[in-house]
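Engineer: Sharing a structure, written as structure tokens. Questions coming.
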Amino acid sequence: MKLEDAFELFSKGVTSNGSCWDHVVGYRKASIERPDKVLFLNYEKMKEDPMSEVKKLASFIGHPFEEGEEGDEEMEEIIKLCSFKKLRQVNKANKDGHKAIPNDVYFRKGEVGDAVNYLTTEMIEILDKITLEKYNGLDIAF
């Protein structure tokens, strides 16, 4: 499938997993309604300050870092294990033993703003417009 055709379907929310915007909105609303059950993290913040976000996640799951652990090798190891580079290498099948799409398709580079290398200015503007409309009033940075 050509990128333009895939973009057209994606921007209309026609994917095998449904609209990505609807998923994000659903999780954001759930995190507001049940902050003890759903943690909403921002990808850009994770890239900017991964240690802070790992601390937030550790506290959320009930295993905060002990005094002195922050910034230690343990936290760095967690960040490495969760990196796009590492995720691209994971080769596990789903519960039925099938692997429909290789991980390296989902986990490309993980760089903020990388869309400019693949999408036209018009495509990016369309995505930004949809995102603004869908995320309106939900305090979701993008």
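Where a number appears in this text, it was derived from the coordinates with a stated rule and is not lab data. Bear in mind the structure is a predicted one, so any value in this text is a computation, not a measurement. When we count neighbours, we look across all protein chains shown, and the Cβ atoms used for this are built from the backbone with ideal geometry, even at glycine.
Engineer: On a full-extension model of 0.36 nm per residue, what is the gain between His23 and Ile140, subtracting their alpha-carbon distance, rounded to one decimal in nm? The partial results should precede the final answer.
Structural biologist: Working: separation 117, 0.36 × 117 = 42.12 nm, distance 1.28 nm.
Length difference between fully extended and current span is 40.8 nm.
Engineer: Using a ≥ b ≥ c from the Cα gyration tensor of the range 1-50 (square roots of the eigenvalues), is it rounded, prolate or oblate, where a/c under 1.5 gives rounded and otherwise the larger of a/b and b/c decides, a/b for prolate? Could you put the intermediate results ahead of the total?
Structural biologist: Details: a/c = 4.22, a/b = 1.71, b/c = 2.47.
Verdict is oblate for the range 1-50.
Engineer: Report, in listed order, any pair from Lys12/Lys86; Lys85/Lys129; Lys12/Lys134; Lys47/Lys129; Lys55/Lys86; Lys55/Lys80 with a Cα-Cα distance greater than 22 Å. Walk me through the numbers before you get to the answer.
Structural biologist: On the way: Lys12/Lys86 31 Å; Lys85/Lys129 30 Å; Lys12/Lys134 12 Å; Lys47/Lys129 24 Å; Lys55/Lys86 20 Å; Lys55/Lys80 15 Å.
Result: Lys12/Lys86; Lys85/Lys129; Lys47/Lys129 exceed 22 Å.
Engineer: Lys29: which aspartates and glutamates have alpha carbons under 13 Å from its alpha carbon, excluding same-chain residues fewer than 8 sequence positions away?
Structural biologist: Asp139
Engineer: If each of Ser16 and Lys129 carries a label point 7 Å out from its Cα toward its Cβ, how far apart are those two points in nm?
Structural biologist: Placing both labels 7 Å along Cα→Cβ, they lie 3.0 nm apart.
Engineer: May I pose another question? Per residue of the range 19-24, what does 6.51 cos²θ - 1.76 cosθ + 1.60 with θ = phi - 60° give for ³J(HN,Hα)? Whole Hz please, x for Gly and Pro, Karplus curve as stated.
Structural biologist: In residue order, the calculated couplings are 5, 5, 5, 5, 5, 4 Hz.
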